[in-house]
Every structure is written in structure tokens, then in C-alpha cells.
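**Q** Below is the structure I would like to discuss, written out as C-alpha cells.
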Amino acid sequence: MSPRTNDAAAAGSWQLGDLTVNRVGFGAMRLTGTAPFDSGVPRVRERSIGVLRRAVELGVNHIDTAAFYFSATRSANELINRALAPYPEDLVITTKVWPGRDTSGAWWWAAPAQLRGQVEENLRQLGRDHLDVVNLRVPPSCRTGSIGEHFGVLAELREAGLIRHLGVSNVTSEQLDEARAIAPVVCVQNSYGIGAAGESRTLLQRCGELGLAFVPFFAIAGHGREAGPAAGDGEAVSAIARAHGVSIAQVRLAWTLQQGPHVLAIPGTGDLDHLAQNVAAGALRLSEDEMTRLTSLQPVGA
């Protein structure tokens, strides 16, 4: 790989427990193919490997992945292993469990007793003896219920040394409280971006008060989620992008990062040019007026 730069450090850094990460990271979901990640034309394997290596060269030291990020011919975890092992000492790899997919691609949700198997699957694919951060990804059907039994299993695996730090994903404030009463939590990974509902903003602010990282997913895609950004972004976003000579995606990332020093970004891409733009967004500073205009846009859902 080429010499490393500090491009991804332009937005600063944050702590995930005792691990320091640059606030601009990388999401591995899109490495395996076109969105959604389990279908479409597969990425060229060497191109995906090149994107991962270039991300690290640009100073990215926080990669978000999952064992269920795979297509018929590609596995995000195995691509990460192939591209980056032996891993740089400062690289933090975050994964998530509770959802799973069988060999046909069909989804299933793990019972508490099955979580260890999911953790071990990530360990095997990544070629590691422990996982830096594991998020408990709560299914939509459980967003109003207890997560204590599942999180308790991860807490036990943390005590056993298989996991270094724990996080939660797709949670409510009440579920965050439940998890924190069981074991330390270092991050919350929820959907968030321009137009997010008030409940999401409140949880982001609370994470800052607690000293926890808030890690938005779909910060660029917004309401488009796995399918990517919807066509016809609001004129406010487009006008600000034109004023700065940057892309709409870069404006969305910059706005997200300026929500607070505890907010991390994990944009994903399989394209080297888009990767460079995403990392460069960490240096983009929006004015107070621009931030106000974007924040006031009509909520489109959490």
C-alpha cells in the first residue's frame, strides 16, 4: 500500500472505549455488490480490495461490517481480511449481530443462545481472536421490547474476551438505558441524516451528554436507505453543494459530522472516487446559516 495520509483525521477523532478512531470511517455493506447488498452485479473483487486499502491509506481506521454482508460471490468480512490482514494496530473493526442470513440469503434473527455462533462467525471470517466492537442490532419488530436477554449474552462474551467493547443499534432511548444497566456501551448506531425525526435528534444529543459515540447509518442515502439517495434532493441541499463546489453526498456527510464531536460517519462505497469524496467531506465546514437551513428541512422519518 502507499504511504498513509491523515485525510480522514480532518474532522477529528473520538473514543470507542479505549480505542481512538477518526470520525470519518468506512461502511463495508456496499463492497459485495450493488444495493441492496445481497443482489445485483457483484463488485470486481480486486476493486473492492483496492477501495479498502485506499481507505486505510487515507487515514480511515474505523470500518463497520457484518457477517451478513454478503452476495452470491462476495463476503465483506472476507474482503476486509484479504485486503488488510495483518491489520494495522490502530484499525478498529466494528460488526453487528442478531440478524443473520442463511446460505440462500434468507434472513433470520438469532435467539440469545445463537449469538455466540454469530460472534464466532465474524471472528473466523475476519481472522481475529477478538472483535473490537460488537453492536447488538435490534430488529424492527423489537424496537419497543426488551433487549436485555440478548445484550446479556454479549456482555458474557465480552467478559470471556471474545469482544472488547459493546454497542447497540436501531434502539430507543429506553433500550439504551436497559443495555447500559447490564454492561458498558461505547456507541449507538442508528439511522440518521438530514430530515431525521425529532426522536432521533434527541437520542443523538443524549449520546453526546453520556460521552457515547453516535454512529449514523444511511447518512448519505437518507430515506432511500439501502437503495441509495433518492432522486431529486431538496433544493436547499443542492444549493449548498453548488455553493461549495462539492457533491450532495459531501454536504450530507458534513452536516452529519457537525451534529457534534461524538458523531462518527461510516459512508460506504465500492468506488475509489466516491471514497475520496467521502473522506474529503470531513474537512468541509458548513456555516451556521447553512446548518440551520438543512436542520429545518421537513422530517422524513427516523
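**Q** Scanning region 75-106 for residues that are out of contact with any Cys (no Cβ under 8 Å at 6 or more places or on another chain) and among the β-branched types (Val, Ile, Thr), which turns out nearest to Leu19 (Cα to Cα)? Talk me through it step by step, then tell me what you get.
**A** Filtering region 75-106 for residues out of contact with any Cys (no Cβ under 8 Å at 6 or more places or on another chain) gives 75-93, 95-106.
After this cut, where a residue has to be among the β-branched types (Val, Ile, Thr) as well, the list is 80, 92-93, 95, 97, 103.
Numbers: Ile80: 19, Val92: 7, Ile93: 11, Thr95: 15, Val97: 20, Thr103: 34 Å.
So the residue we want is Val92.
**Q** Still on this structure, I have one more. Please tell me if Val188 is at pLDDT 95 or above and either surrounded by fewer than 16 Cβ atoms within 10 Å (Cβ to Cβ) or assigned to a strand (DSSP E or B) (or both).
**A** So Val188 passes the test.
**Q** Another question, if that's okay. Across region 109-155, what is the number of residues that are among the acidic types (Asp, Glu) and in contact with a strand residue (DSSP E or B) (Cβ under 6 Å, 6 or more places away or on another chain)? Full working, then the answer.
**A** So the first thing to find is which residues in region 109-155 are among the acidic types (Asp, Glu), and the list is 120-121, 129, 132, 149.
If we keep only those that are in contact with a strand residue (DSSP E or B) (Cβ under 6 Å, 6 or more places away or on another chain) as well, we get 132.
Number of matching residues: 1.
**Q** Can you list the helices (runs of 4 or more DSSP H) found entirely within region 237-302 that contain at least 2 residues being free of Cβ contacts under 8 Å to residues at least 24 places away in the same chain?
**A** Numbers: elements: 248-257, 272-280, 288-295.
The helices (runs of 4 or more DSSP H) meeting that bar are 288-295.
**Q** Filter the helices (runs of 4 or more DSSP H) completely within region 68-173 down to those with at least 3 residues that are over 30 Å from Glu57 (Cα atoms) and free of Cβ contacts under 8 Å to residues at least 40 places away in the same chain.
**A** Working: elements: 76-84, 115-126, 148-159.
Helices (runs of 4 or more DSSP H) meeting the threshold: 148-159.
**Q** Could you say whether any residue in region 126-146 is in contact with a helix residue (DSSP H, G or I) (Cβ under 7 Å, 6 or more places away or on another chain) and basic (Lys, Arg)?
**A** no
**Q** Still on this model: Across region 98-117, what is the number of residues that are within 19 Å of the chain's Cα centre (by Cα) and surrounded by 22 or more Cβ atoms within 10 Å (Cβ to Cβ)?
**A** So the answer is 1.
**Q** Sticking with this one: Just to check your reading of the model, which residue among Ala113, Ala83 is more than 26 Å from His150 (Cα to Cα), among the small types (Gly, Ala, Ser) and out of contact with any Pro (no Cβ under 9 Å at 6 or more places or on another chain)? Walk me through it before giving the result.
**A** Numbers: Ala113 fails: more than 26 Å from His150 (Cα to Cα).
Checking each option against the conditions leaves just Ala83.
The values are calculated or read from the model by the stated rules, or taken from the named source; none is laboratory data. From a predicted model like this one, the values you see are computed outputs, not experimental measurements. For neighbour counting, all protein chains shown are included, and Cβ atoms are generated from backbone atoms with ideal geometry for every residue, glycine included.
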